[in-house]
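Just so it is clear, none of the values below were taken in a lab; they were calculated from the coordinates. What you see is a predicted model, and the numbers here were worked out from it, not measured in a lab. Please note: Cβ atoms are built from the backbone with ideal geometry, for glycine as well, and neighbour counts cover all protein chains shown.
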Amino acid sequence: MDEPTTPTLTSNPVSQQPSVTSSAEPKAATGKKVLIIEDDVFIRDLYEMQAKKMGYQVITADNGEEGINKAKANPPDLLLTDLMLPKLDGISIVKMFKSDPTLSKTSCLIITNLEDATKEKEALAVGASAYILKIKNTPSKVVEMFKNYI
Amino acid sequence: MDQPTNQAPTKANQSTQVALDQNQTPAPVDFVSMVAHELKTPLTSLRGYLSVFIEENAKSMTPEQNMFLSRMDIASTQLSTLVENLLNTSRIERGVITLNPEVVEWVPFVKTIFVEFENRAKERKIELEFIEPTTGFTKLMVDKLRITEVISNLITNAITYNKEGGKIILSIEVKDNEVVTHVQDTGIGIAKEAQGKLFEKYYRVQNSAAGRANGTGLGLYVSKVFVQMHKGKIWVNSESDKGSTFSFSLPVARDVPSVQK
Ligand SMILES: Nc1ncnc2c1ncn2[C@@H]1O[C@H](COP(=O)(O)OP(=O)(O)OP(=O)(O)O)[C@@H](O)[C@H]1O
Ligand SMILES: [Mg+2]
């Protein structure tokens, strides 16, 4: 289901107007679908804009339940989810992904500011591929990681 | 239920109908770390938007615009450091620090951190120099986040307590079983009487030269605890008005991955 084409990203995206609504530019990542679940709208927009600039197709949700519903309706190639979310937290979301036959192969990345080794271990144990600290990674860096997991 | 953390809860209205893991025993959280953790949310946005803006526009901006953004970036970094030092102090006090060690190639790791200080050094016309070891075993077992705090605190101090037009030399000395990292500055130095107290919590030297710099006196305290948790040592050599060299040692990871808690 996944073509071997990985996006070739540079650390310095070309300047371009942030265009949340426009369709993705024909970049290397074209077509790959990323689901972003994040309740903080500023942060969500930021990752969404960066991912779109890199050619990803982006679906967003602002809570866990909505995220799971969207994932089931339209399975993504990658999940980027916040840890602390209304309705369903990031770990539960990853668990649901891993136990759903249509979603179990999707890589799940947790993004959070909670620096907590226990949480991190728990996240990795339920099948998350990475536990990323928001404040320590620029949005470009985060989006650049996507290609390693698709 | 709420998130099972010993950090501050941030979502006030989590709904209750979803069964989450209940194996949580929330440790008491003090007011300072709750506030510090809450500060991270807006700070993450601020730094995120700033970094994207700088990445995309730096080349097309006037020098003045670049300077404005660079200063916003520096100020937001300072705020992050303050928040991290507060959180780390609180974690140390509550005894909830655990290490997440991994093998690190020391030289490039340190260099990456060092070059991120270029803007801040430039602001004060301070020259940065990095001296690499030429040979030796430099794989260490460290918790990258914690040790990044240590290196950043030392470099921040070397900038803050330097003189305008001064210099900072970061050098790495490889010994048989340990690697010693030195951060040397040409700054105001530290009087002998004060040197023994530097690593105490909240301690700040009271003198006219250091007085103008803001700080909480937590940076070196946190650094010392983190270095000791890694079975290393941290110390200072300094002469008033000439400069200081802060050094810390860490064991190499040849045979000791036994770094824990
Ligand atoms: N490189 C240095 N040169 C001269 N004095 C220093 C140097 N580094 C630290 N000091 C002195 O040691 C004190 C303690 O340093 P420390 O980093 O712990 O706290 P701080 O810099 O005051 O505040 P912060 O918690 O923001 O780091 C400083 O206030 C300063 O007086
Ligand atoms: Mg300091």
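Averaged over the residues of peptide B:39-52, the number of Cβ atoms from other protein chains lying within 10 Å of each residue's Cβ is 6.
Normalising the Debye intensity of the stretch B:28-94 to I(0), with uniform scatterers on Cα atoms only, and taking log10 at q = 0.18, 0.29 Å⁻¹ returns -0.69, -1.19. Scalar couplings 3J(HN,Hα) for the stretch B:239-248, obtained by applying the Karplus form with A = 6.51, B = -1.76, C = 1.60 to θ = phi - 60°, are 9, 3, 6, 9, x, 9, 10, 9, 10, 9 Hz; x denotes Gly and Pro. Per-residue extension of 0.36 nm, minus the Cα-Cα distance of B:ALA191 and B:MET67, leaves a gain of 41.1 nm for this segment. The distance between label points at B:GLU93 and B:TRP235 comes to 3.0 nm (points 7 Å beyond Cα on the Cα→Cβ vector).
Phi-derived couplings, Karplus 6.51 cos²θ - 1.76 cosθ + 1.60 at θ = phi - 60°, listed residue by residue for the stretch B:76-87: 6, 5, 4, 4, 4, 4, 4, 4, 4, 5, 5, 4 Hz, with x used for Gly and Pro.
Backbone geometry of the stretch A:130-144 corresponds, through the Karplus equation with coefficients 6.51, -1.76 and 1.60 at θ = phi - 60°, to 3J(HN,Hα) couplings of 7, 10, 10, 8, 4, 6, 8, 10, 5, x, 4, 4, 4, 5, 5 Hz, x marking Gly and Pro. Between B:GLU116 and A:LYS141, what is the label-to-label distance in nm when each label sits 7 Å out along the Cα-to-Cβ direction? Output for this residue pair reads 0.5 nm.
Longer than 18 Å from Cα to Cα, which of A:LYS95/B:LYS40; B:LYS122/B:LYS197; B:LYS111/B:LYS139; A:LYS105/A:LYS147; B:LYS125/B:LYS163; A:LYS52/A:LYS72 are they? Say none if no pair is.
Listed pairs above 18 Å: A:LYS95/B:LYS40; B:LYS122/B:LYS197; A:LYS52/A:LYS72.
Label sites at B:ILE54 and B:GLU127, each approximated as a point 7 angstrom past Cα along Cα to Cβ, lie 2.4 nm apart.
Which of the three applies to the stretch B:91-200, rounded, prolate or oblate, going by the alpha-carbon gyration tensor with a ≥ b ≥ c and a/c under 1.5 meaning rounded? Intermediate values should be presented prior to the final figure.
Values: a/c = 1.65, a/b = 1.21, b/c = 1.36.
Since a/c reaches 1.5 but b/c is at least a/b, the shape of the stretch B:91-200 is classed as oblate.
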